[in-house]
Structures are given as C-alpha cells and as structure tokens.
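The structure under discussion appears below in the form of structure tokens.
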Amino acid sequence: FPSIKWLNGGYRIKGTQRRIQEMYHTEKSGKFTPVSEGVFFSDVYQGPRIRVFGMQMSGPHYEEWPSRAQQEIVGDVTNSEQVDIQESLINLATKAFRRPVQEADVSHYEKFVKDKIRSGMERAEAIKLGITAVLSSPRFLFLDEGNSAREKRLDPSQVATRLSYAFWGSAPDSTIKEKAKNGDLWKISGLDKELKRLLDDPRASYFNNRFTNLWLRLDKLGEMPPSPTLYRNYYDDYLEVAMRTETELVFSDILRNNKPIKTFLLTDETFVNDDLAKHYGIFKEGMNGKFRKVKLGPNSNRPKGLLSHGSILTASADGITTSPIYRGVWVLESILGTPASPPPPDVPAIEPDTRGTKTIRERLEKHRTAASCSDCHAKIDPWGFPLESFDPIGRYRSHYSYGPRGKDKVDIETD
C-alpha cells in the first residue's frame, strides 16, 4: 500500500483518538456514546493534510505499437496472416532457451501451430498457443546446462546465463550474448569487464538483496516482529525496510568499489535516511529524507561494520527480548563460518539451576557450569555479550528494563 509521510510531521494519533472520544462523550451518562451523527476523523484532526479529489488507473500504455514484446517475437507485423511462424518461433525460443536455436529445435512447435490452423483455429490464436508451448518448456523454466557426463565444461552461452541469473536474476541481455559468441567470456580480461558491467547495472540490486538475505539471514526479518507496544517507532518509521536497505547499500558499496573483505566488520561508514538516523541517535540537520552515506564519529555508540546494523540486531532477536546465545550463534554461523556443534543425540536436555540469578551474565554462568553446556557456551557467549548493548530493534541501551512499565533496571555487563 502507498504510504505518505512528511518530514516535520508526527505519526502518532493517540491525541486525535482522545479528541474523537471526547466528541462522543455525554456528561449525563458518563459513558462514551455518540452525541451526533457523521463525526469523522478529519473533524478533529489538527496538522498537515492531504486531500485526494480523485483517483484513476488505466493501462497498459504503450509508447509505440506494436509493443516491444511483440516486436521481439514477430517483428513489426500486426496482421497474423503475415506472420512467419518458423522465424517467430526461432526468435522466441532463442531468447527463452538462452542459447542459439536452429530450425530443427522448433520444428515440433511449428507443426503444432500449423496443425491447429488446419483444424480450423484462427491463425492468431494458434500462434499464441505456440508461444505458450515454448514458454512451458523445461528449457525455459530451468537453466539447461547440458549433460555433465558428456560435457565437462559449460559452453559460452551457458556461462553467460549463469552470470546473468547470478547478478540480475534474469535472462542474459544482448551484450553478454555477443561476448559469449565472440569468446570474450573465456578471457580473464573480458570476464572481469563483464562482471564489472553486471555489478554497475541497477539490476544488480537483485544480487545485493539475495546475497545479504542468505548470508546475513535477513530473511528472518519479519518472522518474529517486534512488539508494537514496546517498539512503536519500528512500525511508525518503517524501520524494517530502512534497516534492510542500509545493509544492502553497504554491501553494494563494498562490492562495487572492491574494498577489502575486512571492511564488512571495520568500516565506519553506513547509509541511513532520516528515520534510521534518529533511531541510531546520529541524526543531523540537513538530511534530505533520502538514504545517504554517513561516517560514524569516534564518540558514536554504534560499533563499526555490519554488527551495528539494525537489520542484523533485529533479525537475531525474538521481537521482545534479546539473548547473547542467539546473537552469538549468529556471529559463529554467519561471520566466522564455525557453527557450534549440536548436542549429542543420546544426551537429554538439562535445565541448569538458575534460581537466585539476577543478570543475563549470572544466568548464563549457571549454564556454563553444566558439563553438557560448557563447551558450546564457551564458544557462543563471548560473541553474544557485546551485542547485548542493543535492544531487539538495534537501539543502544545501557540497562535491561523489568517490572511494570520497565521501572526496574539492571545494568548490562558486556565485558
């Protein structure tokens, strides 16, 4: 759904809701009952307004006719009687199968279309069925890389397809097809140039999104959403989208500029919009609402690199509380590539005695004293404790809040 916000406006409506209730309140009964008919939200709302007087949607609109899609299959022909069936099927199959196609490869599709025409079907409808048949082929639906038993190496068109789908999530364009045809992709220099072209293209956002999701487990964002009561600004400021965008932009910046891999953990640069900057406590006047690169100052409470990203800190929490175990496991799996070993299948789960403990560190100390738990916790806890300085939506904190309305506090020990 579309969302409309203004930079100097508020997002909370409790005051407006209260005024609406007051308009419905009758003094005699002391109950909230309607005092008049036709009272609307806009009658009591005070603040910036947007008025929509009408909305109309139409389409599709084509800047030219025949449309580009139609031209790529049948050319400029608009009369089905003039369509060259064989040529059109070869054009379509070459694009759909992502490799050079000969007459023999489409002969059965051609026969199918002509049989339909001879049986009395209108020519245009028969051609559409032929197009449907090509697009239903496994050669289009799956990446056809031949038979590995007979062919030890991918051919140039298969290499082009792999590269295109890896970085763009789509079929190869004419440029990479031409480079596959003339042999440039077999040369190191030619391959390097093509990789740079693919990454510099806006379509590389597919790779940024997919890779960060799988590597950093950002696919978990939204699985256990933060409590709307405790973390209202997460929803009011659309922080989930902003956090994911921050991580993707940082990843893209490091990748496109070929920075050292350690930059992922050591960089003091990130990308934020106004809402995310306010959430992190690094907002400065003059930001224009769009994402921009910022440098974290020496006194910032944000650590360097990916570990400061709200996307990661939120995905490694459960929406209400945090745990050094969950975040420590995330570091072991996603950053170090050394996941903790699962417990032996023949050892039953043990619940160590945690009575009388006060802090997270004290409770985990009980776990570390149990022989069946100590080995894993010795690997997990040191990575998870430093991230306890951040709450379930990645906001800096110096203590845990407990009790009614969070009045009871316990300091965080992260050393």
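Points worth noting:
- A cut-off under 13 angstrom between Cβ atoms defines the neighbours of Leu296, and their net charge, with Lys, Arg +1 and Asp, Glu -1, is +2.
- Charge tally for Gln158 (other residues, Cβ to Cβ under 13 Å; Lys, Arg +1; Asp, Glu -1): +4.
- ³J(HN,Hα) computed for each position of region 199-212 - Karplus, 6.51 cos²θ - 1.76 cosθ + 1.60, integer Hz, glycine/proline x: 6, 7, 7, x, 5, 5, 4, 4, 5, 4, 5, 5, 5, 5
- Above-threshold pairs, the threshold being 23 Å between Cα atoms, out of Lys220/Lys284; Lys152/Lys181; Lys95/Lys128; Lys196/Lys220: Lys220/Lys284; Lys196/Lys220
- Accessible area per residue for region 49-122, computed on protein heavy atoms with a 1.4 Å probe, is 76 Å².
- Against the rule of thumb 2.2 N^0.38 Å, how large the Cα Rg of region 205-299 comes out: 1.14
- Annotation: amide H of Val272 within the under-5 Å range of Arg292, Val294, sequence separation 5 or more or interchain, hydrogens built in the peptide plane.
- Cα→Cβ-extended label distance, 7 Å offset, between Glu87 and Asn182, nm: 2.6
The values are calculated or read from the model by the stated rules, or taken from the named source; none is laboratory data. These numbers were taken from a predicted model, which means no experiment stands behind them. Positions of Cβ are backbone-derived with ideal geometry, glycine not excepted, and every protein chain shown enters the neighbour counts. With ligands, DNA and RNA removed, areas are computed over all heavy atoms of the protein, side chains included. Shrake-Rupley method; radii C 1.70, N 1.55, O 1.52, S 1.80 Å.
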